[in-house]
Amino acid sequence: MAKDHFSGHAVDYARFRPGYPEALFDWIAAQADQHDLAWDCGCGNGQATEPLTQRFTHVVGTDLSAPQIAQAQPQPSIEYRVAPAEDSGLADASVDLVSIAQALHWFDFDRFYAEVRRVLKPGGIVVAWTYQLLRSAPAIDALLLDFYRRVLGPYWPPERKWVDLGYRGMPFPFAALEAPTFEIRLQWTLADLLAYIGTWSATQRLIKAEDSDPLPALGERLAAVWRSDRQEIVWPIAVLAGRT
């Protein structure tokens, strides 16, 4: 069963995590043969669930974390459920799309993929994606990479390796669909960036383990190289997509 790394800071997760580009959802919808039901697994606060409602008649969002689900905005076409990825409660062969945003690396692959095969219609699609370490100006990138590796390194769960690899080599036993390149681009203040870094599971683990917050010191270092009120922040998105 997937581990819950985010219930303790679900409110901040909902406020400070970036959304996903519309082009990604347009591409996903174009791959689906039917658009009746989508299952957004590991949906968190619904950041990927809500855009799917514009492309599928009904969407079920499930997450292991009740606090995360509590942050989702209710919509008539969405049914949110607290449920593990490996036991959705959905009917056999009922789903046109299984989407997994920023969550697949936490799942029990064998059990989850068995559940995906059970619930997908013949020819249904499964699409998982993750955004990798952000990039900005070179001086900012250098400080963030040092913080990410040296300061937070011991506190990253082992599953984080799949994000660093861009999901390359991850088990994914479906007929592959080749996805175009996607990325998230935002103009952020330094406060925005620090709030986002505060939602990282490793940051929260460090704070609990050391009873100390590393973000003020990081903020001082970043302030010295932050050249304007807002900086462009870019996250490359890695996509795994397949069809049953």
Residue list for segment 210-228, filter: at pLDDT 95 or above and exposed (fewer than 15 other Cβ atoms within 10 Å of the Cβ): GLU210, ASP211, SER212, ASP213, PRO216, ALA217, GLU220, ALA223, ALA224
Only one of THR244, THR181 that is in contact with a helix residue (DSSP H, G or I) (Cβ under 7 Å, 6 or more places away or on another chain) and among the polar types (S, T, N, Q): THR244
Residue that is surrounded by the fewest Cβ atoms within 10 Å (Cβ to Cβ) [pool: residues in segment 8-29 that are at pLDDT 95 or above and farther than 12 Å from GLY124 by Cα]: GLU22
Counted residues, segment 147-171 - those being over 17 Å from the mean Cα position of the chain (by Cα) and either within 24 Å of GLY123 (Cα to Cα) or surrounded by fewer than 14 Cβ atoms within 10 Å (Cβ to Cβ) (or both): 6
Test result for ALA38, assigned to a helix (DSSP H, G or I), within 25 Å of THR181 (Cα to Cα) and modelled with pLDDT of 95 or more: no
ALA83 touching a Ser or Thr at 6+ places or on another chain (Cβ under 6 Å), farther than 20 Å from PRO51 by Cα and modelled with pLDDT of 95 or more: yes
Residue match in segment 107-123 (condition: exposed (fewer than 14 other Cβ atoms within 10 Å of the Cβ), under 18 Å from LEU177 (Cβ atoms) and modelled with pLDDT of 95 or more): yes
Filter pass, PRO180 being in contact (Cβ under 8 Å) with a residue 40 or more places away in the chain and either in a loop (DSSP other than H, G, I, E, B) or on the phi < 0 side of the Ramachandran plot (or both): yes
Filter result for the condition that a residue is among the polar types (S, T, N, Q) and surrounded by 16 or more Cβ atoms within 10 Å (Cβ to Cβ), over THR189, THR203: THR203
Failed item in (1) surrounded by 13 or more Cβ atoms within 10 Å (Cβ to Cβ); (2) modelled with pLDDT of 95 or more, with PRO180 passing the rest: (1)
Residue satisfying condition, being buried (at least 20 other Cβ atoms within 10 Å of the Cβ) and modelled with pLDDT of 95 or more, within set LEU52, LEU64: LEU52
Residue count, segment 200-226 (criterion: outside any helix (DSSP H, G or I) and either farther than 15 Å from LEU144 by Cβ or in contact with a helix residue (DSSP H, G or I) (Cβ under 7 Å, 6 or more places away or on another chain) (or both)): 6
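The values are calculated or read from the model by the stated rules, or taken from the named source; none is laboratory data. The shown structure was predicted, so the numbers you read here are calculated from the model rather than taken from an experiment. When we count neighbours, we look across all protein chains shown, and the Cβ atoms used for this are built from the backbone with ideal geometry, even at glycine.
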